[in-house]
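Input: a single structure, listed below in structure tokens.
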Ligand code: ATP
Ligand code: MG
């Protein structure tokens, strides 16, 4: 993309309405624009990151054997009356009437709808296990929308629902989700710690929330610092292997890690004192097992092996896709702007032309731009007639992990500069080597943060549905 043809409405001033850094940077980098309280338009840069996150979610769900669907945002109240939640849900649910005076609502979550799909089409235990998920906009009329996309009223959520014959199978689905979520967050460059939580209006016994540690987080958390040393990394996971998924679940959830809702001071005291941490976290996901809470009242049964109808065991599992963008920025920025992890960056690298209009500089930028594009990467070429300082400031603000700086002086010696946004380190090299280096960084199975990024992340997310 050439910046002169792009739409990147960056702000010079700090927007006064933003209280936390991620909100401020998202507004300044021209990623979002508030439409009304807690409701945002996604501008090109923000939309690109959102799509990248969706893509990672789809890929990891596919790996776990979960199947994508798309359910409507408008739901009939009737289904919610069947489950008994229409009255229970409270004011967070936005309710409305259609022209025939029928009660409708804007989906805050979709257990009822997916249970209705299931009961309409599945009748035998032989069709289990089944996990359906979607990535869809949700609306919750939050009493205090704030912090930009972190606590919006309209927000993008991945919500998945498992249907299983037995509790044991459903707990395997729970573990599968836990494992796939850990991979998902790590690919986004985040550490999200599973913490024992409270189930709230979804209901159920087993539930973990995934929290990204950040001072601006809304949840108070208590944990054993040793949990922060555990990583999924590149292990081979067989999602059908119950014992393996169970082992990962235990590995990640045995050490003390709880939100304030389930915090147990006596248990916490048993953690060695030097490892006890009280901090704040951002909830970026939650998994639940709730058994037959919906299948029973809604008649979602299958014929079991003995021919008798049994209500299916279910769970639901959510990832806060739009909130994650805020969480990533909270975890990865400096005083100059955002620092995108390679796995989610909106453009793979920036190209800064120090002297637009200079024949050599323009030519070298074109060559680099075309070479990167030809191998399937997306560079953002700042081809504006601007001062170098302004171009650097924009690149730093929007946080592309790598920048290639091209100027007439360097070109006289046959070199350009490759700069890491994270460390600020610059290395001079030939334009060809700069292209090669960027290609390597994003190549599949290259070590470190870029692993798995290509070529999959380059494919349209539609590929995974
Ligand atoms: P919270 O406690 O933050 O209100 P929740 O527990 O009610 O969230 P869930 O029902 O678990 O939310 O939804 C799944 C995920 O959706 C959450 O983990 C969170 O990341 C995201 N999410 C929930 N509410 C919002 C919101 N108002 N704005 C943005 N993301 C949200
Ligand atoms: Mg939750």
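The values are calculated or read from the model by the stated rules, or taken from the named source; none is laboratory data. Bear in mind that the values here come from a model prediction, so they are computed numbers and not experimental data. Every residue, glycine as well, gets a Cβ built from its backbone with ideal geometry; the counts of neighbours run over all protein chains shown.
List of remarks:
- Number of the condition not met by residue 148 [criteria: (1) surrounded by fewer than 22 Cβ atoms within 10 Å (Cβ to Cβ); (2) more than 16 Å from ligand 2 (Cβ to nearest atom)]: (1)
- Residue-level check: of (1) over 19 Å from residue 250 (Cα atoms); (2) surrounded by fewer than 22 Cβ atoms within 10 Å (Cβ to Cβ); (3) over 17 Å from the mean Cα position of the chain (by Cα), residue 162 misses just (2).
- Residue match in segment 157-169 (condition: more than 30 Å from residue 87 (Cα to Cα) and more than 10 Å from ligand 1 (Cβ to nearest atom)): yes
- Cβ-Cβ contacts under 8 Å between residues 6 or more apart (or on different chains), taken from a first residue in segment 121-145 that is free of Cβ contacts under 8 Å to residues at least 24 places away in the same chain to a second residue that is in a strand (DSSP E or B), are listed as 144/151.
- Flag for residue 50 being away from ligand 1 (no atom under 16 Å from the Cβ), out of contact with any helix residue (DSSP H, G or I) (no Cβ under 6 Å at 6 or more places or on another chain) and in a helix (DSSP H, G or I): no
- Restricting segment 205-218 to residues that are at pLDDT below 95 and in a strand (DSSP E or B) leaves a set whose member that is nearest to residue 277 (Cα to Cα) is 207.
- When residues in segment 29-56 are screened for being at positive phi and out of contact with any strand residue (DSSP E or B) (no Cβ under 8 Å at 6 or more places or on another chain), 1 of them pass.
- Filter pass, residue 82 being surrounded by 13 or more Cβ atoms within 10 Å (Cβ to Cβ), within 16 Å of ligand 2 (Cβ to nearest atom) and either in the same structural domain as residue 158 (by TED's automatic domain parsing) or at pLDDT below 95 (or both): no
- Annotation note: of 180, 124, the sole residue that is assigned by TED's automatic domain parsing to the domain that holds residue 276 and in contact with a helix residue (DSSP H, G or I) (Cβ under 7 Å, 6 or more places away or on another chain) is 180.
- Search result, residues across segment 58-70 that are buried (at least 19 other Cβ atoms within 10 Å of the Cβ) and in contact with a helix residue (DSSP H, G or I) (Cβ under 6 Å, 6 or more places away or on another chain): 58, 59, 60, 64
- Residue in segment 174-184 that is touching a residue at least 40 places away in the same chain (Cβ under 8 Å), in a strand (DSSP E or B) and within 12 Å of ligand 1 (Cβ to nearest atom) present: no
- Index of the failed condition, residue 26 passing every other in (1) surrounded by 16 or more Cβ atoms within 10 Å (Cβ to Cβ); (2) on the phi < 0 side of the Ramachandran plot; (3) out of contact with any strand residue (DSSP E or B) (no Cβ under 6 Å at 6 or more places or on another chain): (3)
- Strands (runs of 3 or more DSSP E) contained in segment 268-361 and holding at least 2 residues modelled with pLDDT of 95 or more and either within 23 Å of residue 1 (Cβ to Cβ) or more than 16 Å from ligand 1 (Cβ to nearest atom) (or both): 276-291, 301-303, 309-311, 349-353
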